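A.B. asks: Below you'll find the structure I mean.
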Amino acid sequence: MKKMLITAAVAMLVSVPSLFAQQVTINEKALLNKIERSDEDIANPKKAGKASTWIHRGEVFYETATVVSKNLYDGIDAGTIISLFGEPTGAEAVELNGKVYSKGIFPYVDVYLDELSIPVSWIITKEIYPGALRKSTEAYAKAYELDGSNKKTAEKVNEGLRKVYDEYSKTGALYFPLGMYQEAGDMFISAYEVAQLPGITVSEDDLYSLLHDAGLAFMLAEQYPQSIQYLTAAEKISAGNSEISDPEIYYLIYHAYRGNAMNDPEAIQTAKQYLEKGMANYPTDSKIIESLSEAYVFLGEDPGKILSIVQEAAENDPTNADMWSALGVLYVSNNEYDKAIEAFSKMAELVPDSYVANNNLGIVYIKQAEAILEDVNARAATFASQAEYDAELNKAFQVYAKAVPYLEKAYQSDPTNVGTVELLKNVTFRIRELDGMMNKYEKYNTLFKSMTGGAQ
């Protein structure tokens, strides 16, 4: 099947040539000769003292760094790529970020196509001069150092650094759809470092976006300290600029800190402070409320502080599944199981196949049954007969039974989740005397053993 995919992709790649694209000719020797002459210029004391020498050097290195990428752009079609670079030298199917792509291999670049043979990303595979973009940055910075007070020099430096900045940003964005998050983050931060140099003008909005994207990339790469560094820097920019409105930053900061909780015992407490700040600015944002609810429960604090806010938000936005989830979590923490069941049931109505909704419904029914059992056992001495006691126990068993279909639906949504299978094993064993439950116990007990290597 994968071979067929490759064949179809390459066929599409060669079938729609652009009428306007011209074959890219890359003269490596000429570019390297330009660099060699620039090296000679900066070795010459007279020329090295002129800003124009360094601006020219910045241009030479930028040209070398982008001789391939300058021909590629968002929305480019497969036929145009063929017209530009010739037929691919090879192709293969690759799985990245959970998706299968057809990769067309060209002399300087790999192009990734989706199932419809549409280019979604490309990665430069051969640098004519490794580190050329960094060299370009250094050259423009030197030009500004020498003559930044000159308006013409300042304009040329700003233009040159802006092009370098854009190239880093564009490259970072190309890594993202392929799940190459570490590489994406590195590119975004390279762009951010360029933006910090004297001589370039970058808006706060652009800086915010860069830091946001870098923080997200590093979080997805599970590089949590770096993610926290850049996300909190982005939040600082947004907090000081009323025109930048983005409640998501607080939600992302929370998840970055939560990811780092193994290394930082104060992570959730710090994250909660950011969420509270976010809630003050965006009091009805569902993701902030849900995250704050979760943080309160995790820290053992009274989630009732925000219960009324979440209730109102759920009523105002009844089709928001996340809001009902947040409300359900709060009710569970207050031992209000009937209300929790109602909230998670609302969520399940909105997203019937949601693992979270169905698994949480199962867990709440189990908690409710355990509460009934605890009450029955506490009153054991007051029952007049064994039959009366057994009748009360049966009430708990019937509630346990309500958990089973929801846990089974959760298992269908995520068959790899051992925790759900263990819950099914345990609850069906407890109510094994009820009709059909012994068979279910045997099924889930066998499945649990197979998933855990025979562990009990």
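The values are calculated or read from the model by the stated rules, or taken from the named source; none is laboratory data. Nothing here was measured: the structure is a model prediction, and the numbers come from that model. In this analysis, Cβ positions are derived from the backbone assuming ideal geometry, glycine residues included, and neighbour counts consider all displayed protein chains. In case anyone asks, the SASA skips ligands and DNA or RNA and just uses the protein heavy atoms, side chains included. Shrake-Rupley method; radii C 1.70, N 1.55, O 1.52, S 1.80 Å.
A.B. asks: How high is the relative contact order of the range 336-456? Use alpha-carbon pairs under 8 Å, at least six apart in sequence, and give a whole percent. Mind showing how you got there, number by number?
C.D. replies: Numbers: 125 pairs, mean separation 27.4, N = 121.
Here the relative contact order equals 23 percent.
A.B. asks: If you wrap a convex hull around the alpha carbons of the range 348-404, what volume per residue comes out, as a whole number of Å³? It would help to have the intermediate numbers written out before the result.
C.D. replies: Details: hull volume 3.6 nm³, N = 57.
With only Cα atoms used, the range 348-404 gives 63 Å³ per residue.
A.B. asks: Could I ask something else about it? Largest first, what is the accessible-area ranking of His56, His255 with a 1.4 Å probe? Intermediate results must be reported in sequence, preceding the final value.
C.D. replies: Values: His56 90, His255 45 Å².
Order by accessible area, largest first: His56, His255.
A.B. asks: What is the Cα convex hull volume of the range 251-319 when expressed per residue in Å³?
C.D. replies: 78
A.B. asks: Note the angle between two axes, namely the Cα long axis of helix 337-350 and the longest principal axis of the Cα atoms of the chain, as a number of degrees from 0 to 90, rounded to the nearest 10.
C.D. replies: Approximately 50 degrees, to the nearest ten.
A.B. asks: Moving on to the next point. Tell me which of Pro247, Pro107, Ser385 sits at the most positive position along the dipole axis of the chain, charges placed on C-beta atoms (Lys, Arg +1; Asp, Glu -1).
C.D. replies: Sorting the options by dipole projection puts first Pro107.
A.B. asks: Where nothing but the Cβ of Lys and Arg (+1) and of Asp and Glu (-1) is charged, how large is the charge dipole of the range 55-147 around its Cα centre, in debye to the nearest 20?
C.D. replies: 260
A.B. asks: For helix 248-259, what angle does its Cα long axis make with the longest principal axis of the chain, in degrees from 0 to 90 and rounded to 10?
C.D. replies: With rounding to tens, the tilt is 70 degrees.
A.B. asks: Right, here's the next one. Could you state the angle between the C-alpha long axis of helix 437-452 and the longest principal axis of the C-alpha atoms of the chain, as a value from 0 to 90 degrees rounded to the nearest 10?
C.D. replies: 30
A.B. asks: Which residue, chosen from Gln196, Tyr175, Val157, occupies the Cα position most advanced towards the positive end of the dipole of the range 119-199, where the dipole is computed from +1 (Lys, Arg) and -1 (Asp, Glu) charges on Cβ about the Cα centre?
C.D. replies: Val157
A.B. asks: Report the normalised scattering of the chain as log10 I(q)/I(0) at q = 0.13 Å⁻¹, calculated by the Debye formula with identical scatterers on the alpha carbons.
C.D. replies: Taken in order of the listed q values, log10 I(q)/I(0) reads -1.23.
A.B. asks: Which order do Lys50, Lys151, Lys142 take when ranked by solvent-accessible area (1.4 Å probe, heavy atoms of all protein chains), largest first?
C.D. replies: From most exposed to least exposed: Lys151, Lys50, Lys142.
A.B. asks: In terms of Cα to Cα distance under 30 Å, which lysines are near enough to Lys277, apart from those fewer than 8 places away along the same chain?
C.D. replies: Of all the lysines, those that pass the test against Lys277 - Cα under 30 Å, at least 8 places apart if same chain - are Lys236, Lys287, Lys305, Lys339, Lys346.
A.B. asks: Charges at C-beta only: +1 for Lys and Arg, -1 for Asp and Glu. How large is the resulting dipole of the chain about its Cα centre, in Debye rounded to 20?
C.D. replies: Details: 41 positive and 64 negative charges, 281 e Å.
My answer is approximately 1340 debye.
A.B. asks: Any chance you could look up the accessible area of Val351 with a 1.4 Å probe, heavy atoms only, rounded to 10 Å²?
C.D. replies: 60
A.B. asks: Of the heavy-atom accessible surface of the chain (probe 1.4 angstrom), what whole percent is carbon and sulfur?
C.D. replies: With neighbouring chains kept in place, the figure for the chain is 50 percent.
A.B. asks: Send over a whole-number figure in Å² for the accessible area per residue of the chain, probe 1.4 Å.
C.D. replies: Accessible area per residue, the chain: 51 Å².
A.B. asks: Okay, next question. I'd like the Karplus ³J(HN,Hα) series for the range 209-217: coefficients 6.51, -1.76, 1.60, θ = phi - 60°, whole numbers in Hz, and an x wherever there's a Gly or Pro.
C.D. replies: 4, 4, 5, 4, 5, 5, x, 5, 4
A.B. asks: Could you give me D for the range 200-257, from Stokes-Einstein at 4 °C and 1.567 mPa s, where the hydrodynamic radius is the Kirkwood radius over C-alpha pairs? Units µm² s⁻¹, please.
C.D. replies: After rounding, the answer is 116 µm²/s.
A.B. asks: Still on this structure, please answer the following. Could you please put Asp114, Asp375, Asp435 in sequence from largest to smallest accessible area, using a 1.4 Å probe?
C.D. replies: Asp435, Asp375, Asp114
A.B. asks: Let me ask you something else. Rounded, prolate or oblate: which one fits the range 357-456, using the alpha carbon gyration tensor with axes a ≥ b ≥ c (rounded when a/c is under 1.5, else prolate when a/b beats b/c, else oblate)?
C.D. replies: It is prolate, given that a/c is not under 1.5 and a/b is the larger ratio.
A.B. asks: Here is a further query. In whole Å, how far is the Cα centre of the range 146-181 from that of the range 241-301?
C.D. replies: 32
A.B. asks: Can you tell me the relative contact order of the range 128-261? Whole percent, Cα pairs under 8 Å, sequence separation 6 or more.
C.D. replies: Normalised by residue count, the contact order of the range 128-261 is 18 percent.
A.B. asks: Something else: So how far, in whole Å, is the C-alpha centre of the range 381-441 from the one of the range 349-363?
C.D. replies: Value for the Cα centre distance between the two parts: 18 Å.
A.B. asks: Continuing with the same structure: Along the charge dipole of the range 341-412, pointing to its positive end and built from +1/-1 on Cβ of Lys, Arg, Asp and Glu, which listed residue (Tyr365, Ile341, Val376) has its Cα farthest out?
C.D. replies: Ile341
A.B. asks: Suppose a student asked you for the relative contact order of the range 210-293, using Cα pairs under 8 Å spaced at least 6 residues apart; what percent would you report?
C.D. replies: Computed value for the range 210-293: 24 percent relative contact order.
A.B. asks: Taking the range 293-353 as the region of interest, what is the percent of Cα-Cα pairs per 10 angstrom bin, listed from the shortest bin to the one with the maximum distance?
C.D. replies: With 10 Å bins starting at 0, P(r) equals 26, 55, 18, 0.
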